[in-house]
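First comes the structure, then the notes that go with it.
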Amino acid sequence: MKTNSENSNADQKIIQIIKEKKPKNVEHLIIFAKEELKIPEQDIVKLILKLQSDGKISFKKQPRPIQSIVVYLKTEQTYWYWITIFIAITTTITVFIIPEELHSWVYIRYILGLIFVLWLPGYAFIKALFPKSATSKTSEKNLDTIERIALSMGMSLALVPIVGLLLNYTPWGIRLTPVVLSLLALTVAFATAALLREYQMLLKTRN
């Protein structure tokens with residue numbers, strides 16, 4: 001049987017292992033503790049459970065594995081996608097519903113229109129080109145907020161004229177309805193591509 005002094009020393013050693021070696025999970029902690037303490041695994045497990053019950057250590061809950069794209073769509077990581085789609089659809093409806101004669105409401109149309117033209121297409125394109133990893137904030141493929149804002153605005157200014165140029169060679173021409181619907185389709189397509197790429201990156205990190 002171990003004395004109280006030995007148990008206290010073992011407790012301190014386990015806490016020290018957690019601070020210095022930062023084990024990823026309980027299994028790693030047990031392996032490190034076995035190397036340091038030279039005691040049976042069963043005793044180590046009892047010590048860890050006691051430390052947890054005493055509130056000296058705590059374990060982070062592992063996120064539930066995402067099995068399908070449907071489950072992924074309900075997570076917080078996809079809020080940007082739903083906000084993008086919502087703004088794009090709301091702007092499209094607003095453009096067709098609110099006439100320019102309604103001076104009290106037309107400013108809403110102008111504000112949403114600016115976001116729709118100068119931000120959303122480029123933002124969705126940059127998200128598709130550089131999907132943000134949920135597990136690695138310092139990944140080389142990730143961009144910081146300032147870079148994303150600058151690239152999104154610049155890319156929107158590049159994409160919108162291209163859409164207008166292509167529409168000029170179609171029977172619809174450069175009119176309000178085809179331009180708005182084209183930008184809507186472009187934004188939804190790029191945003192969906194970005195969502196799928198982020199989902200694939202998430203699956204790779206979980207496997």
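Per-structure values
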| read-out | value |
| --- | --- |
| In order through region 109-120: 3J(HN,Hα) via Karplus (6.51 cos²θ - 1.76 cosθ + 1.60), integer Hz, x for Gly, Pro | 4, 5, 5, 5, x, 5, 4, 5, 8, 8, 10, 4 |
| Among Pro161, Pro40, Pro99, residue whose mean-square fluctuation peaks in a GNM of the chain (springs only between Cα atoms under 10 Å) | Pro40 |
| Entry for mean projected area of the Cα convex hull in nm² (calculated from the structure that is shown) out of (i) 11.4; (ii) 17.5; (iii) 21.4 | (ii) |
| nm² value of the averaged projected area, convex hull over the Cα atoms of region 19-111 | 11.5 nm² |
| Fewest-first ranking of Thr177, Thr75, using other Cβ atoms within 10 Å as the exposure measure | Thr177, Thr75 |
| Counting all C-alpha pairs of region 152-207, share separated by more than 19 Å (%) | 43 percent |
| Fewest-first ranking of Lys132, Lys74, using other Cβ atoms within 10 Å as the exposure measure | Lys74, Lys132 |
| Top of Leu112, Leu166, Leu120 by mean-square fluctuation, Gaussian network on the chain, Cα under 10 Å | Leu166 |
| Candidates Ile97, Ile39, Ile162: whichever shows maximal mean-square fluctuation once the chain is modelled as a Gaussian network with Cα springs under 10 Å | Ile39 |
| Residues Thr145, Thr78, sorted so that the one with the fewest Cβ neighbours within 10 Å comes first | Thr145, Thr78 |
| In order through region 157-162: 3J(HN,Hα) via Karplus (6.51 cos²θ - 1.76 cosθ + 1.60), integer Hz, x for Gly, Pro | 5, 8, 6, 4, x, 5 |
| Of Lys19/Lys46; Lys22/Lys74; Lys19/Lys204; Lys24/Lys46; Lys19/Lys50, pairs whose Cα-Cα distance is over 25 Å | Lys22/Lys74; Lys19/Lys204 |
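Coordinate-derived values only; no laboratory data. Given the structure is predicted, the values throughout are model-derived calculations rather than measurements. Cβ sites come from the backbone with ideal geometry, for glycine too, and all protein chains shown count toward neighbours.
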